[in-house]
Amino acid sequence: MVLRRIVGTAMELVDARYGALGVLAEKGDSLSEFIPVGLTEHERADLSRVEFPRGCGLLGHLIRHPEPLRVEEIARHPKSVGFPPGHPPMHSLLGVAVSVRGQIYGNLYLSDRRDAQPFDTHDEAVPIALAGAAGLAIENATPAEPPRQDQG
């Protein structure tokens, strides 16, 4: 619930039509969870039989290169692999890594400003700030490793 609110807040602040948060799998090379926000009921129904993204294409690029990413036209980016059947059309993308104290936990994605303008550096600052809060939420929800016991 906290992560969904963070995505929604980021969408509101940059006036994005869609947003999502991808949580990295334990190995850090793919997504284990994907939290989309902004889909209509019809769009959600169209995607009901589609597996959530695992981190290919642009989403995978952001996993492997966790620097802020602004893309004006998703389909024209060399790392784009397209959308599954039933996916709503999306054009622009703003993605940032979700991290705390150097540990990357996932990515925050925003798509399609409502005014149809590309995302700019001002827009980029918003998800960067919110990504820290998302990182803390994920870190706090991740079970801690049990303490090591000395073999003695």
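The values are calculated or read from the model by the stated rules, or taken from the named source; none is laboratory data. Since we're looking at a predicted model, the values are computed, not measured. Here the Cβ is made from the backbone with ideal geometry for all residues, glycine too, and neighbour counts use every protein chain on show.
If the condition is being assigned to a loop (DSSP other than H, G, I, E, B) and among the small types (G, A, S), then segment 25-36 contributes A25, G28, S30.
Looking at segment 28-58 only, could you name the residues that are more than 24 Å from V2 (Cα to Cα) and out of contact with any Gly (no Cβ under 9 Å at 6 or more places or on another chain)?
Of the residues in segment 28-58, the ones more than 24 Å from V2 (Cα to Cα) are 42, 46, 49-50, 56-58.
Those that are more than 24 Å from V2 (Cα to Cα) and out of contact with any Gly (no Cβ under 9 Å at 6 or more places or on another chain): H42, C56.
Taking (1) within 19 Å of V37 (Cα to Cα); (2) surrounded by 15 or more Cβ atoms within 10 Å (Cβ to Cβ); (3) at pLDDT 85 or above; (4) touching a helix residue (DSSP H, G or I) at 6+ places or on another chain (Cβ under 9 Å) in turn, A133 satisfies each apart from (3).
Scanning segment 70-111 for residues that are in contact with a His (Cβ under 7 Å, 6 or more places away or on another chain) and within 22 Å of V23 (Cβ to Cβ) yields V71, I74, K79. Looking across I35, I74, one residue alone is among the hydrophobic types (A, V, I, L, M, F, W, C), buried (at least 17 other Cβ atoms within 10 Å of the Cβ) and within 13 Å of the chain's Cα centre (by Cα). It is I35.
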